[in-house]
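Below: one structure, written as structure tokens.
Just so it is clear, none of the values below were taken in a lab; they were calculated from the coordinates. Nothing here was measured: the structure is a model prediction, and the numbers come from that model. Counting neighbours? That spans all protein chains shown, and the Cβs are built from the backbone with ideal geometry, glycine included.
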There are 2 protein chains.
Amino acid sequence: MNNNKVNPSTLSGFMELLPQEQVKFNKIETVLKEVYGLYGFYPLDTPILEKSEVLLAKAGGETEKQIYRFLKGDTDLTMRFDLTVPLAKYVAKNYNELVFPFKRYQIGKVYRGERAQKGRFREFYQADIDIIGDGELNIINDAEIPSIIYQTFSRLGLNDFTIRINNRKILSGFFNMLNLKDKTVDVMRIIDKIEKIGEENFMTELQEIGISNESRSKILEFIKIKGTNEEVIANLKKFAGNNELFDQGINELELINKYIADFQVPKENYKIDLSIARGLDYYTGTVYETIFNKHPEIGSICSGGRYDNLAEFYTDKNLPGVGISIGLTRLFYVLNEMDYISNVNNSPADVLIIPMTEDLSYAINISSTLRNNKIKTQIYFEDKKFKNKISYANRTNIKYVLFLGEDEISEKKVTIKNMETGEQFNFSLDEAINMVKKNNEELSKETIINIDK
Amino acid sequence: MNNNKVNPSTLSGFMELLPQEQVKFNKIETVLKEVYGLYGFYPLDTPILEKSEVLLAKAGGETEKQIYRFLKGDTDLTMRFDLTVPLAKYVAKNYNELVFPFKRYQIGKVYRGERAQKGRFREFYQADIDIIGDGELNIINDAEIPSIIYQTFSRLGLNDFTIRINNRKILSGFFNMLNLKDKTVDVMRIIDKIEKIGEENFMTELQEIGISNESRSKILEFIKIKGTNEEVIANLKKFAGNNELFDQGINELELINKYIADFQVPKENYKIDLSIARGLDYYTGTVYETIFNKHPEIGSICSGGRYDNLAEFYTDKNLPGVGISIGLTRLFYVLNEMDYISNVNNSPADVLIIPMTEDLSYAINISSTLRNNKIKTQIYFEDKKFKNKISYANRTNIKYVLFLGEDEISEKKVTIKNMETGEQFNFSLDEAINMVKKNNEELSKETIINIDK
């Protein structure tokens, strides 16, 4: 490279996709938007930059280290590190204008200066949905959320996943019964790790924070309660009547379990799991995690839960909510690495017109008609050899090529070639349009994820 | 406000819309994406943060002052201030993977720390399309661009606009004929201002840079050449044969003028205007500006042009291109301020289900069926008074409310109320679905801009 040139590099930890990969990424994003839209969530967009005092109103030490924070003039600015804090600010700021329950989704980039490593991103998309109540929010909303998770993943083509559900009130209530109220946060944190560290280390860590042998065993036994959801609930009811919080948690979980079925989530896609704690999060009731059954090592691909108060750092209003988040960039990365992204149509156009005459008017007229029929159309204008033109169609995966020569023009026809099969037809324009439309209809049924292939 | 609370403010110059405004904004964005997609452009997404040395490889002093630049550890970072420089980096970096001509669109946020004032944004969306050739790019591409501009604005509902077209080779060639080659940049810059400063100041500024009276008059006369596009071209041809660059410019402009009509751009929506210079930009041939006929004072709402070499700061490859950019955030702001955004459907859902029984299973089942029919559906779950539930539908502009009481459940029917007309029907679910679908079909014909109302 000429030493006057700047190396055109992209920052480490910043995903920048090639065009055909970007098309796939966008297909996933489109499914998310469609599903969130079907459930009546508003789309929302908040700034990427905020005043540091706003974004860091709550944040703990870990977040502070990872953030992109800087001064511009006298203003202390931070790039958002999640979509929840901006939402809290937004709802507090616009409280009087919003209609509650306020349902919004936001798909946007967030920034965390984490140590660079494979599969970890410093700029990444989160896709969040939240339902915010004013003062209160019916627990049934917690049953709708798994339905949204299910619809999202099944429409992407993924079926072999499990939404794990728990309720922190049950865990907290149980710890209360064991007189471990003051250790709740620590125990939650350790429970959260059990899948990673194993039972032995789990017991050791509980011992290290001063939990007695008897309590440790009870906790382990409790979070390992297995069975159908109904069996687990029946089991939990044996502990009922000793602690109000615990009983409340069971009631909530039972209600959610009843309605999830009505929300058409198949039995095999959700499961009560008492070991789900979302240790470091701010949840106060229902919690969710979602795992690929074949790849639990990836961790949760969609997590969330119920919180008592969204915006306490900005307002005295009591704003309970429930929400979930998908780490979209990481999800895409993981699926791609595992080769689970289907070989879907990733071409920029449905049709490439190759004019075979010097005058381009006929080709241009045809392109307008195709586009008016919602057919994505390119015209190859460059003065190259025929094989280069064909190569352009092949390399961009454009399926149909329309050749327009003197014969086609005089007969008012088109020659259309299916680049996949090699078949070639001399068609009226209407026939060609119908062929492409039919193909597009087929393509619209493609799913982007194919984990079972 | 409690003094423990942080004021939930948004930075000055950062647009943050209320939900119903956001819906409108997104409708504009959707139209842009659809049109760009129909022309076969890849969607692209590049990082918002880049190494400063990459983004500032070219930038001049003005840009440097306005940028958001900071250190994170040892890394000198800058937030992108346009989408062109990241594109140049992208194409240089991925040259071997890309297929040329490379057509991409990108709609994304860019950052400029401009002085805060009404209607000026520091974070704003740009919507860019570019066609990049490898070594060369046929001039016909320059005729396709106005067609994309036309489709974009007319689909938004705007018809009363003019795409002004010029070719810098004509201006440069003309200055060469006047022996003003060394003053080309300055004269371009002054021409660019003529609409703002008026003819008198224009002449004064030309004098100040040392242009003779005779030349000043010739320049003014030249850029004021008026008439139909064909008349202007005929007029230009009178100057032909004296300068190669000038003649090349005329040929290009004539060719573009010929094909624009084939691209179905109505005569009244484009006009050759020799006073368009895009003074500070890097264009080398065709240039475009687009104005609202009734509001030229807004300035150009879509500008662009042809450039010889996209990525010279990163690569020795010769990458000519042509592109345009819409300042989407400013466009939305201006339209909104002028009350030109139509009263389009801005509700988050098509249907609000209000369950009138304690058990919610029927309501939830109905919601699933509606969503499976692509009907955006919310269920009102909150335990509020009836009037609050109705008020929720009214305030969110949800047009149809489904009441589901004991009668509806036992008869397997729904009561559907049109909140706009007050009409209420006892329907089968299928009948209700058809009613909503028919309404959605009507709504899909709505245009977002109504400048003529």
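Averaged over the residues of B:238-248, the number of partner chain Cβ atoms lying within 10 Å of the residue Cβ comes to 0. Axis between A and B by rotation; chain A residue with nearest Cβ and distance in whole Å recorded as A:F70, 2.
If each DSSP helix of 4+ residues adds -39,500 (n - 2.57) and the sum is divided by the residues in the protein assembly as shown, what number results at 222 nm, nearest 500 deg cm²/dmol? The helix contribution divided over the protein assembly as shown gives -12500 deg cm²/dmol. Compared with the dominant Cα axis of chain A, that is its longest principal axis, helix A:84-93 is turned about 80°. Legend: mean number of C-beta atoms from other chains within 10 angstrom of residue C-beta atoms, peptide B:379-389, equals 3. Among beta bridges from DSSP that stay inside the protein assembly as shown, the antiparallel ones total about 75%. Comparing Cα centroids, the stretch A:406-453 and the stretch B:276-313 end up 37 angstrom apart. For a test of the definition: using alpha carbon positions, the gyration tensor, and the 1.5 limit on a/c, classify the stretch B:19-337 as rounded, prolate or oblate. Rounded, because the longest to shortest axis ratio a/c is under 1.5.
Anisotropy class assigned to the stretch B:189-312 is rounded, per the alpha carbon gyration tensor with a/c under the 1.5 cut-off. Stretching B:D308 away from B:K193 to a fully extended chain increases their span by 39.0 nm, per 0.36 nm per residue minus the current alpha-carbon distance. Loop-located trypsin sites (Lys or Arg not before Pro) in the stretch B:402-446 (DSSP state other than H, G, I, E, B) with a sparse environment of at most 13 neighbouring Cβ atoms within 10 Å: B:K412, B:K445.
Over 30 Å apart at the Cα level, from the set A:K24/B:K374; A:K109/A:K258; A:K27/B:K389; A:K376/B:K374, are A:K109/A:K258; A:K27/B:K389. In the assembly of identical copies, B:N179 has its label point, taken 7 Å from Cα in the direction of the beta carbon, separated from the corresponding points by 10.6 nm (ascending, one decimal). Between the stretch B:1-30 and the stretch B:191-261, the C-alpha centres lie 45 angstrom from each other. Averaging the Cα positions of each part gives two centres, and for the stretch B:41-120 and the stretch A:122-154 these lie 33 Å apart. Shielding of peptide A:45-55 by partners, expressed as the average count of other chain Cβ atoms within 10 Å per residue Cβ, is 6. Report, ordered by chain and residue number, the lysines lying within cross-link reach of B:K294, taken as a straight Cα distance under 20 Å and ignoring same-chain residues fewer than 8 apart. Hits, sequence-local ones excluded: B:K193, B:K196, B:K226, B:K267, B:K271, B:K453.
Its Cα centre serving as origin, chain A has a Cβ charge dipole (Lys and Arg +1, Asp and Glu -1) of approximately 680 debye. Helix B:361-372 and the longest principal axis of the C-alpha atoms of chain B enclose an angle of approximately 30°. Of all aspartates and glutamates in the structure, those lying under 13 Å Cα to Cα from A:K317, and not within fewer than 8 positions of it along the same chain, are A:D134, A:E136, A:D308. The modelled label-to-label distance for the pair A:H295/A:E358, using points 7 Å beyond Cα in the direction of Cβ, is 5.6 nm.
Model label sites at B:E221 and A:R155, defined 7 Å from Cα along the beta-carbon direction, differ in position by 6.5 nm. In this assembly of identical copies, the label point of A:T357 (Cα plus 7 Å along Cα-to-Cβ) is separated from its counterparts by 6.8 nm, sorted shortest first. Can you pull out the GluC sites (Glu not before Pro) in the stretch B:62-102 whose DSSP state is coil and whose Cβ has at most 16 other Cβ atoms within 10 Å? Qualifying residues, ordered by number: B:E97. Extension gain for A:E34-A:K5 works out to 6.1 nm (0.36 nm per residue, less the C-alpha to C-alpha distance). Within chain A, antiparallel bridges make up roughly 75 percent of the DSSP beta bridges whose residues both belong there. Seen through its C-alpha gyration tensor, with square-root eigenvalues sorted a ≥ b ≥ c, the stretch A:1-103 comes out oblate because a/c lies at 1.5 or above while a/b is not bigger than b/c. Among the trypsin sites (Lys or Arg not before Pro) in the stretch B:96-127, those located in a DSSP loop and surrounded by at most 10 other Cβ atoms within 10 Å of their own Cβ are B:R115, B:K118. Sorted from closest to farthest, the other copies place their A:N4 label points 6.4 nm away, with each point set 7 Å from Cα along Cα→Cβ. Seen against the Cα atoms of chain A and their longest principal axis, helix A:213-223 is set at about 40 degrees. What you get for the protein assembly as shown, charging only the Cβ of Lys and Arg (+1) and of Asp and Glu (-1), is a dipole of about 700 debye around the Cα centre.
Computing FRET efficiency as 1/(1 + (r/R0)^6) for A:N426 and A:T369, where r is the C-beta to C-beta distance and R0 is 25 Å, gives about 0.90.
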